[in-house]
Amino acid sequence: MTLIFEADPDKLAKRLARGDKKAAGRLFDIFGHRLFGYFLSKTANRHASEDLVQETFLKALDRIDTFDPGRGSFSAWLWGIGRNALTDHFRSARRSDSFSDLADQDGELPEFPAEREGLGHEDKFLVEKAWEVIRTFPPEEQEILVLHYISDLDYREISARTGRSEGALRVLVHRLHKKIRDRVQ
Amino acid sequence: MNFIRRIILEYRLKRAMRANFAPERGSLARAKQVFLNEVEKRAAAPVPGLSRFLLPLKMAGATLAIGLVLGGSGVVYADRSRVGADHPLYPLKRFAENVKLQFSPTEESKQKVREDIASRRLEEMDQLKTKPGREQEVEKLDQEFKKEVKDILKRQSGKPDKSGRAIEIEAPCKAAKNLMRKRAKISSDTEDLPELSQRCGANGEVDLKLEDDDFED
């Protein structure tokens, strides 16, 4: 059995384009749970989030030949696909009205999703409070905090997603975190 | 102190957020497997760009293979059977003769092939002469027969060939005379080849003073 220690997603993406199953597995391990957190924060639905993760990776596989590292990182490219999948999901849900209680596609966060099993009482309280504070922020700031806190993207990757400079993002996150801290404490 | 508390709170918040929004253990396993199965399926499938050319390539390959088999069979058939000068496979027969001559390893074996070729021209002349309006073709075959006989006589030098074996001096004369005798039986033209009498004498004795160049056409 060959283990893959390659951590550069751009190189893994090239190998995926050549049909390398191990690189595909590694990419899923790196981004699967991050995408899940992102989708869960937007849909508040774990099953829908799992489906969206699968759909995002299948769509990425369809278009892997169009990925060009010269035009941006794999992470930013994958998030773009994930965002489109999410938009399609909301559109479809709105048409069928089966998820009318979920957040809309304007980027506003839904009610706090059902907490994960095994989360400590203090942590649960902290997250719920912080979530209520974050929901009061404008959609773009909510998106930045979700990408930063939940999806664990670094400032470079968030910069590629939002178009803001890394420096500006650092200042913004610091300011938003101060707001959260002041209201959670 | 406040700074440290702030850092700790931020760290706790981040950790708790990620923990709460993380998938349940194994819940993404199905999605991962579906994705990996798709990767495997596509890796096993032919390349789209290539598949466009695959069918024409296969057809061209099959056509070439059929062509080679039929062509090869045709050459063998034409070479072995009594294909006449007016037969559609006659060019293949001549092609096979040339190949056989070119690939004969020794001068001695080349001589045998030439004798065989000359005999074939006689047979073809014999077949064709009974058919009306084929006189020119018969004449052409006769010229080709004479050329083969002259070639047989040219090699009557006694010098060793590439393999180091000397050609039997009298054999070419004997073969040429036999061939001319056969020709006399089927042709009204009984005139002998001047080269034959020059080289071999009237009674078949060999004149070694003549060189190969004497017989150039």
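Just so you know, all these numbers are worked out from the coordinates, no wet-lab data involved. These numbers were taken from a predicted model, which means no experiment stands behind them. A quick note on method: Cβ atoms are made from the backbone with ideal geometry, for glycine too, and the neighbour counts reach across all protein chains shown.
Worth pointing out:
- Residue among A:Leu109, A:Leu78, A:Leu58 with the largest mean-square fluctuation in a Gaussian network model of chain A, springs linking Cα atoms under 10 Å: A:Leu58
- Estimated from the Cβ-Cβ distance and a Förster radius of 56 angstrom, the FRET efficiency linking B:Tyr11 and B:Met59 is about 0.25.
- Amide proton proximity set for A:Phe112, modelled H, under 5 Å, gap of 5+: none
- The overall shape of the range A:35-78, judged from the alpha-carbon gyration tensor, is oblate: a/c is not under 1.5, and a/b is no greater than b/c.
- Span from the the range B:95-135 Cα centroid across to the the range A:135-185 one, whole angstrom: 94 Å
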